[in-house]
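Working notes, structure below.
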Amino acid sequence: MEEALLGGSLRGRRWDVFVEELKKFGMSSALETLCGQAYGAEEYRKLGIYTNGAIISLLLVCIPISVLWLFVDKFLILIGQDPLISIEAGKYSSWLIAALFPYAILQALIRYLQTQSLILPMLMSSIAALCFHVPLCWALVFKLNLGSGGAAIAIGLSYSFNVLLLCLYVKYSSSCEKTRLCFTKEVLPSTKEFFHLAIPSASMVCLEWWTSEIVILLAGLLPKPQLETSVLSICLLVSSLHYFIPFSIGAGASTRISNELGAGNPEAARMSVLSVTVLGMAEAIVASIILLCSCHVLGYAFSNEKEVVYYLRDMTPLLCLLIATDCIQAVLSGVARGSGWQHLGAYVNLGSYYLVGIPVAILLGFFLHLKGKGLWIGLNAGSLVQSLLFSLITCLTDWQKQASIARERIYHSKECARLLAN
């Protein structure tokens, strides 16, 4: 029973992570290109226009996602997953729908502030939201006995609180005086420009994260599905938690590179790429050493079952390999977002995971009977190919050309806005 509950809880969380990634690292990432390059070009007014257009776009996208979440349990049962796990995941997803809409606004505001290097207000609002969330979540889950539904409600309220804090900062802070959010007739036309980058951005992220979901679903078809899904879900949870470290490095790279390209400084952008790549590789080494040293006790953080602990210990070297490749691709994905070549990233992820990763996972997991280890090796193979392709594209990038494209994007958009105003 513990295995079923563990697998169900983590799999429900994985559905939450999938949609968060769709917005956070997906569609909203288009603002890293648009706002970052506009800020570098000193077209400050366009930051507010792009951000408002993004908020409208993301709120519209929340509607079909909400419908999808209402039927998550039926979908999981339809493809042969455990009914108890499926119902738990569906219950959690349904309660989490209310969190989608404030989350959409939150991620647009984060990109707006990030591209201006206004990090401190985001940090302070996140700390305040965390302090608000922990007691609220505890009260809803344990005092009101709402279970996973209470946790989902707490997440939605915490996002809303964070949005409120950032909105107050944007409205009244002198740091945002030049880039203040404004609703004008230029906002709606800007949604077209946003979607032009947002769709490949979302594809780039979803193609990668759907692979993780597919691996978990495939684990449910193996012998001892509760054990396999639990251990693989734990591995994905650990890698997801770690992912935010290299992602943060990539976010810094995205901001710096987009600003430099918008300002017409290709050499500075190139040097930024070299710096963040070295930093990302160093972080990967440190994280892998820590995980390897703690492999004998890592499982106890999630379960007291010896079978889970020993299985997770054996999986730790493979987990370290994924973390190492994740560091490289997370940093270089930030380079892609700052440069505006998300469409190439989408093609890379499609080829890496769906032509290499998933076929290798199926071959090793089912035909060569490596079970969960085989599925994870397939995921590692896709991530390795992805990192190599991103590295190759970055090495071959003509930064002078990228700077010209960035300037053309900003000033072409400015000319269109001028014509519209007339």
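Derivation of every value follows stated rules applied to the coordinates shown; laboratory data play no part. Note that this is a predicted model, so its numbers are computed, not measured. Positions of Cβ are backbone-derived with ideal geometry, glycine not excepted, and every protein chain shown enters the neighbour counts.
In which sequence would Cys327, Cys293 go, from the one with the fewest C-beta neighbours within 10 Å to the one with the most? Can you show the working numbers first?
Values: Cys327 29, Cys293 11.
The fewest-first ordering by Cβ neighbours comes to Cys293, Cys327.
At a 10 angstrom cut-off on C-beta neighbours, averaged per residue, how do the peptides 114-126, 249-261 rank from highest to lowest?
The densest-packed peptide leads the list: 249-261, 114-126.
Post the alpha-carbon centroid distance, segment 303-367 to segment 387-402, in whole angstrom.
21
Angle between the Cα long axis of helix 306-339 and the longest principal axis of the chain, 0 to 90 degrees, nearest 10?
Rounded to the nearest ten degrees, it is 10.
So how do Trp69, Trp138, Trp210 line up by other beta-carbon neighbours within 10 Å, fewest first?
Details: Trp69 21, Trp138 13, Trp210 17.
The order, fewest Cβ neighbours first, is Trp138, Trp210, Trp69.
In what sequence do Asp326, Asp73, Asp314 fall when counting other Cβ within 10 Å, fewest first?
In increasing order of surrounding Cβ atoms, one gets Asp314, Asp73, Asp326.
Over all distinct Cα pairs, what is the inverse of the mean 1/r for the chain, reported as the Kirkwood hydrodynamic radius in Å?
Values: mean 1/r = 0.0450 Å⁻¹.
Over the chain, the inverse of the mean reciprocal pair distance is 22.2 Å.
Put a dot 7 Å past each Cα toward the Cβ at Glu307 and Leu217; how far apart are the dots in nm?
Here the modelled spin labels are 2.5 nm apart.
Pop out the ³J(HN,Hα) list for segment 154-167 in order, Karplus 6.51 cos²θ - 1.76 cosθ + 1.60 with θ = phi - 60°, rounded to Hz; leave Gly and Pro as x.
4, 4, x, 5, 5, 4, 4, 5, 4, 4, 4, 4, 5, 4
Expressed in whole Å with the largest first, what are the equivalent ellipsoid semi-axes of segment 150-261 derived from the C-alpha gyration tensor as the square root of 5 times each eigenvalue?
In descending order the semi-axes read 37, 20, 16 Å.
For the pairs Lys91/Lys224; Lys143/Lys224; Lys143/Lys171, note any where the Cα-Cα span goes beyond 29 Å.
The pairs that break the limit, which is 29 Å between Cα atoms, are Lys143/Lys224; Lys143/Lys171.
Read phi for every residue in segment 351-357 and hand back ³J(HN,Hα) as whole Hz from Karplus 6.51 cos²θ - 1.76 cosθ + 1.60, θ = phi - 60°, with x for Gly and Pro.
x, 5, 8, 9, 9, 10, x
Helix 266-293 versus the longest principal axis of the chain: what angle, 0 to 90°, nearest 10, using Cα atoms?
Long axis of 266-293 versus the principal axis of the chain: about 20 degrees.
Taking just the alpha-carbon atoms of segment 151-193, what radius of gyration and Dmax come out, in angstrom?
Just the Cα atoms of segment 151-193 yield Rg and Dmax of 14.4, 39 Å.
What number results when the radius of gyration of segment 236-335, computed over Cα atoms, is divided by 2.2 N^0.38 Å?
Numbers: Rg = 16.8 Å, N = 100, 2.2 N^0.38 = 12.7 Å.
Output field value: 1.33.
Would you mind checking the tilt of helix 45-70 against the longest principal axis of the Cα atoms of the chain, expressed as 0 to 90 degrees and rounded to 10?
30
Order these peptides, 42-51, 343-352, by their mean beta-carbon neighbour count within 10 angstrom, highest first. Before the final figure, lay out the partial values.
On the way: 42-51: 22.3, 343-352: 20.5.
Highest to lowest by the protection proxy: 42-51, 343-352.
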